[in-house]
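Asks: Sharing a structure below in C-alpha cells format, with a few things to ask.
The values are calculated or read from the model by the stated rules, or taken from the named source; none is laboratory data. Owing to the predicted nature of the structure, the values given are computational and were not obtained by experimental measurement. Accessible surface areas use protein heavy atoms only, side chains included; no ligands, DNA or RNA. Shrake-Rupley method; radii C 1.70, N 1.55, O 1.52, S 1.80 Å.
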Amino acid sequence: MSIGSEDRAVRHPIRPIHVLPLLASALLIPLAMAARAHDNAEAKPVSPIYGVSLPDGYRQWELIAPAVESEPLNELRAVVGNSKAMQAYRRGALPFPDGTVLVKLAWQRTPSSEFAPASIPGPATTVQVMIKDSRKYAATGSWGFGRFVGGRPVDEAQHRTCFACHEARVKAHDFVFTRFAP
C-alpha cells in the first residue's frame with residue numbers, strides 16, 4: 001500500500017451526526033403526547049365553593065362509625081376516614097390535624113326481604129366529604145365540604161348549608177358530628 005492511498009482514506013470526509021435534533025424530538029414527542037392525554041382526561045368533579053372532590057380509594061378506608069338517619073331522609077350511613085383521621089380518632093385528640101379526610105356514604109334504608117326487623121342498604125343517596133386544611137378553609141373552621149350524588153357535586157346552595165349546620169351543632173367537637181365506634 002502506498003502512502004497516498006492511506007492518506008486518501010484518512011482524508012475521506014465523514015458526515016457528522018447532529019444529535020441535538022434527535023434528542024429534542026425523542027424528548028418532545030412523549031411530552032406532547034402526555035400533555036394531550038392530560039388535556040383529554042376528564043377532570044374530577046369538584047364541589048362548588050370548596051373545590052373538594054371524591055378522594056381516590058375512599059371505599060377501602062376504615063370504618064369510623066355507622067349511623068341511621070330517621071325520616072324524612074330514612075338512610076343508612078357509614079363514615080370512613082383516611083389514616084390521619086383514624087389516628088386522631090384512636091388518640092381521642094381534637095382538633096383533627098390538617099390532612100384529615102372524612103367520607104360519609106349514605107343509602108336509602110330498605111327492609112330486608114330475608115329478615116323483617118332488619119334494614120339493608122338500598123339505592124345510594126349521597127357521598128359527603130370533609131377535608132381539613134387550616135389555611136385553605138380558615139373561614140369555615142378549617143374544613144372544606146363536598147356533597148355528591150351519582151359522583152357529581154350538588155349545587156352551590158346545598159354547599160352553603162354545610163358549614164352553618166356543623167358550626168351550629170358541633171363546633172366544640174371540631175365541627176365533626178361522627179364519634180368513633182371502636
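Asks: Given Cα pairs under 8 Å that are at least 6 residues apart, what percent is the relative contact order of the stretch 76-175?
Replies: Details: 158 pairs, mean separation 20.9, N = 100.
Reported as a whole number, the value is 21 percent.
Asks: Another question, if that's okay. Under a straight-distance cross-link criterion of Cα-Cα below 22 Å, which lysines are reachable from K84, leaving out those fewer than 8 residues away in the same chain?
Replies: Qualifying lysines at Cα under 22 Å: K104, K132, K136, K171.
Asks: For the stretch 123-182, which whole percent of the accessible surface, found with a 1.4 angstrom probe, sits on carbon and sulfur atoms?
Replies: With neighbouring chains kept in place, the figure for the stretch 123-182 is 55 percent.
Asks: Which value, in Å², gives the accessible area per residue of the stretch 56-104 when a 1.4 Å probe is used on the protein heavy atoms? Walk me through the intermediate numbers first.
Replies: Working: 2720 Å² over 49 residues.
Computed with neighbouring chains in place, this is 55 Å² per residue.
Asks: Another question, then. By how many nm would the segment from A181 to E167 lengthen if fully extended, with 0.36 nm per residue of separation less the alpha-carbon distance? List each step's numbers first, then the result.
Replies: Values: separation 14, 0.36 × 14 = 5.04 nm, distance 2.25 nm.
The A181-E167 span can extend by a further 2.8 nm.
Asks: Now, a different point. Over all alpha-carbon pairs in the stretch 72-127, figure out the percentage whose distance exceeds 12 Å.
Replies: That fraction is 69 percent.
Asks: With no solvent and one equal point scatterer placed on each C-alpha of the stretch 87-182, evaluate the Debye formula and give log10 I(q)/I(0) for q = 0.16, 0.21, 0.24 Å⁻¹, two decimals.
Replies: -0.78, -1.11, -1.27
Asks: Given H placed 1.01 Å from N in the peptide plane, which residues other than close sequence neighbours of S119 have an amide H under 5 Å from its amide H?
Replies: S112
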